[in-house]
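The values are calculated or read from the model by the stated rules, or taken from the named source; none is laboratory data. On a predicted model such as this, the values are computed, not experimentally measured, just so you know. Cβ: placed from backbone, ideal geometry, glycine included. Neighbour counts: every protein chain shown. We work out accessible area using only protein heavy atoms, side chains counted, and drop any ligands, DNA or RNA first. Shrake-Rupley method; radii C 1.70, N 1.55, O 1.52, S 1.80 Å.
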Amino acid sequence: MAADYISKRFAALGLTGPVKGSDNPYIQHFQMDRVSTDAATSVKIGSKTFVFNKDFYALVDGTFAAPTEVQPVFIGYGIGTDAYSDVANAGDLKGKDLVMLMGEPKGKDGKPLLPANGPDGKPRPAYGEPTIQSLMARSGALRPLMARSTFYVVPTDAAFAQIPANFKAVLGREQLAFADTPPRRGQNLFIVSPEMGAALLGTKASGLAKYEKAVAQAGKPVASPFKPATATVQAVQKKEPFTTENVLGYLEGTDKKDELLVMSAHYDHLGVKDGKVFNGADDDGSGTVSVLAFADAFVQAKKDGHGPRRSILFLANTGEEEGLLGSQYYTDHPVFPLESTVADVNIDMVGRVDPEHEGKGDYVYVVGADKLSSELNAVSEATNQKYNPIALDYKYNDPNDPEHIYYRSDHYNFAKHKIPVAFYTSGLHADYHKETDEVDKIAFPAMARRDQLIFHTAWELANRDNRPVVDSNKP
Ligand SMILES: [Zn+2]
């Protein structure tokens, strides 16, 4: 509905639809798959078949689509730290299937063998907890081993019962994949019950307890007596194809019409979750209506005899929230050559006043403008000075900023192709990614000031003699 609305607005404004071969020249359709793990996924050990989502949970790619024999290698607790390492002398495990205990090693006194703090002085992760954090803590040491799959044996039935809730954010979540590219090789991880773990290791619960006792006696990793069983794994992926679309409106330039300025925003948000509609008024309704307003203004200027010298593509992206998908598709299948695309001006969330700026006057965060082109940043600053300036905040432009905003909106896919970008946002707030991001909370006067600055900058980029030079490569 949103794509249809935007395409009709682009048409009504008098923009051209530039997509050849589409049923609607304003719409760039593309195919994707919703990929999820099918209920038929199973692991057979001996005569017993262990059941997906009951005896184990899994996050898999296509590796085990056909029934596959797996001969797991036991690597203790899967911990790789200076103080305690199961992987330091593990040998070549590339392409192997690893099985490990998801508890944590304790000493004779029952206290953890790992020191309370890591080498950085910060508290180390709780390896013994059945959480995403404990799995992530292991994966840093495991990833370089390049194993084919990893089986995590949860130590107790009580801890295993917590897995669905603790891993809700990753397990069972469908992934979106481009239909025209091979599936991403991801991790193949299995979180298994104590009973299934013992079966995998060719032992019983008492055997696992014995190993833990041996570690406690030695105070360090010890060789295990386990003879892991051969298991047959079949992890079936379910694929549901669907079509989604970017919306494109084109305004032809004059003497430099073969060069293109892109003005982009994403029109998707988070959809409907648990019956709640996530409208995303700020994220990114604010950017989408800004792009419509810029189109309106540039069309009016052209009617008045002041059309832009360069052509402008107004681009409403889909799937930004699912991983910048629409802008990735556009830049991989550009309608206009990327070589003649001079810059992307991207707008994502310009409708609010964040806590840092409340009561402090008009502002906008500018991100990325100096990364590839010192000239683009200079244009941005000079334009702001010329027309009723607002505060330009560069907090999120710092490569060390923990939010890493530079990588988190559609402009990044243009930057990847060495196209200079300027990204504008008013920052994060309490309603970010919540169903409460509603239009009555938009600060329209503040948003209008930002849009005026962005419009003036785009005007300059569309009309100045030379395109912004690519002369730097900042992180
Ligand atoms: Zn956004």
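Side notes on the structure shown:
- Over the stretch 39-235, Cα pairs under 8 Å with separation of 6+ residues give a relative contact order of 36 percent.
- Neighbourhood charge, 14 Å Cβ-Cβ cut-off, centred on VAL469 and excluding it, Lys, Arg +1 and Asp, Glu -1: -1
- Cα shape, the stretch 135-186, gyration tensor, a/c 1.5 rule: oblate
- Between TYR5 and ALA65, the modelled label-to-label distance comes to 3.9 nm, taking each label 7 Å out from Cα in the direction of the beta carbon.
- DSSP bridge analysis restricted to the chain gives an antiparallel fraction near 60%, rounded to the nearest 5.
- Annotation: the antiparallel percentage among DSSP beta bridges lying fully within the stretch 39-235 is about 60.
- FRET E, pair ALA88, GLU403, Förster distance 51 Å, beta-carbon r, rounded to 0.05: 0.90
- Dipole of the chain, positive direction: furthest Cα of TYR26, GLY76, ALA2, with charges on the beta-carbon: GLY76
- Overall form of the stretch 145-272 per C-alpha gyration tensor (a/c, 1.5; a/b vs b/c): prolate
- Relative contact order (%) - the chain, alpha-carbon pairs under 8 angstrom, separation at least six: 18
- Relative packing of peptides 138-149, 95-106 - highest average C-beta neighbours within 10 Å first: 95-106, 138-149
- Sum of side-chain charges, ALA391 neighbourhood, beta-carbon under 14 Å (Lys, Arg +1; Asp, Glu -1): -2
- 37 °C / 0.692 mPa s Stokes-Einstein diffusion coefficient of the chain, Kirkwood radius on C-alpha pairs, µm²/s: 130
- For the pair GLN31 and ALA169 in one chain, pulling the backbone fully straight at 0.36 nm per residue adds 47.2 nm over the alpha carbon distance.
- Rounded Å value of the spacing that divides the Cα centres of the stretch 57-72 and the stretch 358-399: 49
- Building the convex hull from the alpha-carbon atoms of the stretch 39-235 and averaging its projection over directions returns 11.7 nm².
- Rounded percent of accessible protein surface that carbon and sulfur make up, the chain, 1.4 Å probe: 53
- For GLY368, the shell of other residues with beta-carbons less than 10 Å away shows a net charge of 0, using +1 for Lys and Arg and -1 for Asp and Glu.
- Highest average packing first - 455-463, 121-129, 406-414, Cβ atoms within 10 Å: 406-414, 455-463, 121-129
- Point-charge dipole on Cβ atoms (K/R +1, D/E -1) for the stretch 39-235, about Cα centre, debye to 20: 260
- Radius ratio Rg over Rh of the stretch 1-155, counting only Cα atoms, Kirkwood formula for Rh: 1.22
- The residues of the chain present an accessible area of 46 Å² per residue when probed at 1.4 Å with all protein chains retained.
- 29 Å Cα-Cα reach of LYS220 towards lysines, excluding residues that sit fewer than 8 places from it in its own chain: LYS94, LYS96, LYS106, LYS108, LYS111, LYS122, LYS204, LYS210
- Simple spin-label estimate for ASP332 and VAL439 gives 3.4 nm between the two label positions (7 Å along the Cα-to-Cβ direction from each Cα).
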